């Protein structure tokens, strides 16, 4: 060890907090962390909010914290791709080649859907969305597929605490109707967006059964309305549902996407 090395106490405390989150099965608040680690509440408060500002943690409506999407992304970069991405990526390639649509894998992070993998290289026509991009949870097919994985109580909390935005003339802003659409996704395994989020854009999404309580993930395919005829749309919908079933069958056999996923 270099004689010039001087340990930084704040970093020690930060990693002690992150380690506590990794061992917890529920969100944690300032008082609980302070008590378990015997740290000053003011110190814990500052560290938690700094990590939340960096999107390493995310703060819930109950003032408690969970892991955020940035920590998930860092884990992906460190480990040559998580088990979730390794399992799903070949299916994104297949979707892109078969349908000409851009294919995405995303996870829920608070009130956003975060893209963690994509394939859009098979054709010149593509929807430009980068890995790490955050999309409003209450928008598009991907959001519906993620919301469909929440419990009834969690879904009610999300809908009661947020306003439905009218992005286009086709956007649904009636909460009762929107909830029915989400519950239908839960039932039939497919979410549809016909120009509800962006005019001229269509999307199909399937929820993924990751078998991780705190991880909601979905695959969605997005393209320009003119890429597919009305006659082709039912076949694309069936194909996306089949892909979702294949991925979920793989997860069922393996017990989920593995320990590499932040729970």
Requested in this report: Can you tell me which residue within the range 180-201, out of those that are without any contact (Cβ under 8 Å) to a residue 40 or more places away in the chain and touching a helix residue (DSSP H, G or I) at 6+ places or on another chain (Cβ under 6 Å), is farthest from residue 221 (Cα to Cα)?
Outcome: 182
Requested in this report: Name every residue in the range 193-217 that is buried (at least 17 other Cβ atoms within 10 Å of the Cβ), in contact with a strand residue (DSSP E or B) (Cβ under 7 Å, 6 or more places away or on another chain) and at pLDDT 90 or above, in order of residue number.
Outcome: 193, 201, 202, 203, 204, 205, 206, 207, 208, 216, 217
Report summary line: Reported set for the range 202-217 where residues are touching a helix residue (DSSP H, G or I) at 6+ places or on another chain (Cβ under 7 Å) and under 29 Å from residue 83 (Cβ atoms) is 203, 204, 205, 206, 207, 208, 209, 210, 211, 216, 217
Report summary line: Here the residues within the range 77-106 that are modelled with pLDDT under 90 and within 19 Å of residue 222 (Cβ to Cβ) are 85, 100
Requested in this report: Could you please give the count of residues in the range 137-151 that are closer than 15 Å to residue 175 by Cβ, surrounded by fewer than 24 Cβ atoms within 10 Å (Cβ to Cβ) and in contact (Cβ under 8 Å) with a residue 40 or more places away in the chain?
Outcome: 2
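The values are calculated or read from the model by the stated rules, or taken from the named source; none is laboratory data. Treat the numbers as computed from the prediction; the structure is a model and nothing was measured. Virtual Cβ from ideal backbone geometry, glycine too; neighbours counted across all protein chains shown.
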